[in-house]
Amino acid sequence: MTTYRYHTCDVFTDQRFGGNQLAVLPHAHGLTSELMHAIAREFNYPESTFVFPPDSPRHTRRVRIFTPGGELPFAGHPTVGTAFVLAAIGEIALTGDETRVVFEEGVGPVPVLIRAEAGRPVFSQLSVAKLPEVMPPLPDREVLASILSLHADDIGEGRFSPQGVSCGLPFAFVPVRSRDALRRSRLRMEPWEAHLRGTPNEMIFVFTMDGGRPGSDVRGRMYAPSVNVPEDPATGSACAALGGYLAMRSAIASGTLRWTVEQGFEMGRPSILHVEVDKLDGRITAVRVGGSTVMVCSGEITV
């Protein structure tokens, strides 16, 4: 029997009980993949992370990410949340107002920036290891509307039409015309299983360019039944890929594009994600996603 310390936090929020829940085991040495999966199912959060020493001395930690459904090669809120927790408990030494670390994840090395005030972490931001990549074509608007319990006219077309994009984890981006359509969306399992299950586009991010808060640009919802996450309150990996989707459609050829994304509002867990994309001569050269995190509780688990 071995006892492991854990910490939980809410990510992409500055208010406890908002944002996206995360459990972090900062010293997971000795846990098998099967035990990590079992612990993730026990917490039943969208994700749990397990931290190990890095394989390369150039990196800070190795991080494995599990949903209740299995392991992911990369995810946004676990990455920024783990960086925050490790800094908050003193496992990562803060070097001033900004501290840079690199996590080894299944997708490759992921750089993370931690911002601090008065010696305490307040914000963390990841940079994607893989630049945006377009996925295979999605089904037509009628099929997508059926999957999302919407009308075909609710689905965007033209410049803002559905498309799959990945920054290491693929998502089907389905723009809708209003916050009302977003609110009405509900995933229907039968058409989802018939048309998207088992494809690169099986995780769906529905969004509208109609934020509800002052200063917000986008509101979104994310459905991922394939990894036992019926709806996710805040999805950093999806918002990174969303930045790629939006930057591909921007007329700005060079510079840094920024969007503030709302997610989780329909679930009662408001989340705010800050997305940045660098472009040079029409090419995307970097994507970053960040936000605030708050600690919630700490404890021990014996396995």
In the set Gly255, Gly268, Gly290, the lone residue that is surrounded by 17 or more Cβ atoms within 10 Å (Cβ to Cβ) and either at pLDDT 95 or above or over 15 Å from Gly81 (Cβ atoms) (or both) is Gly290
Selection from segment 9-20 of residues in contact with a helix residue (DSSP H, G or I) (Cβ under 8 Å, 6 or more places away or on another chain) and polar (S, T, N, Q) yields Asn20
> Does Glu104 fit the bill of being outside any helix (DSSP H, G or I), of a type outside the set (A, V, I, L, M) and crowded, with 19+ Cβ neighbours inside 10 Å?
Replying inline: yes
Scanning segment 251-303 for residues that are within 20 Å of Leu169 (Cα to Cα) and not in a strand (DSSP E or B) gives Gly264
When every residue in segment 219-250 that is in a strand (DSSP E or B) and in contact with a Ser or Thr (Cβ under 7 Å, 6 or more places away or on another chain) is compared, the one surrounded by the most Cβ atoms within 10 Å (Cβ to Cβ) is Arg221
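One line per residue, one yes/no per condition, for (1) closer than 17 Å to Val85 by Cβ; (2) hydroxyl-bearing (Ser, Thr, Tyr); (3) at pLDDT below 95:
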{"position": "Thr3", "(1), (2), (3)": "no, yes, no"}
{"position": "Tyr6", "(1), (2), (3)": "yes, yes, no"}
{"position": "Asp14", "(1), (2), (3)": "yes, no, no"}
{"position": "Gly18", "(1), (2), (3)": "yes, no, no"}
{"position": "His27", "(1), (2), (3)": "yes, no, no"}
{"position": "Asp55", "(1), (2), (3)": "no, no, no"}
{"position": "His59", "(1), (2), (3)": "no, no, no"}
Of (1) assigned by TED's automatic domain parsing to the domain that holds Gly168; (2) over 19 Å from the mean Cα position of the chain (by Cα), Pro225 fails just (2)
If you go through Gly244, Gly236, the only one that is in contact with a Pro (Cβ under 6 Å, 6 or more places away or on another chain), closer than 20 Å to Ser127 by Cα and either of a type outside the set (Ser, Thr, Tyr) or free of Cβ contacts under 8 Å to residues at least 24 places away in the same chain (or both) is Gly244
Checked segment 135-156 for anything within 25 Å of the chain's Cα centre (by Cα) and outside any helix (DSSP H, G or I); matches are Met135, Pro136, Pro137, Leu138, Pro139, Leu148, Ser149, Leu150, Ile155, Gly156
Here the qualifying pairs (Cβ atoms under 6 Å; residues six or more apart or on different chains; first in segment 124-140 and farther than 30 Å from Glu98 by Cβ; second in a loop (DSSP other than H, G, I, E, B) and polar (S, T, N, Q)) come out as Met135/Asn201; Leu138/Asn201
Per the filter on segment 19-75, residues acidic (Asp, Glu) and in a strand (DSSP E or B) are Glu47, Glu71
| task | Could you tell me whether segment 2-13 includes any residue that is farther than 24 Å from Cys239 by Cα and either part of a helix (DSSP H, G or I) or of a type in the set (Val, Ile, Thr) (or both)? | result | yes
Of the listed residues (Ala28, Ala75), the one being aliphatic (A, V, I, L, M), in contact with a helix residue (DSSP H, G or I) (Cβ under 8 Å, 6 or more places away or on another chain) and over 18 Å from Pro233 (Cα atoms) is Ala28
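The values are calculated or read from the model by the stated rules, or taken from the named source; none is laboratory data. No experiment lies behind these values; they were computed from the predicted model shown. All Cβ positions, even for glycine, are placed from backbone atoms using ideal geometry, and neighbour counts span all protein chains on display.
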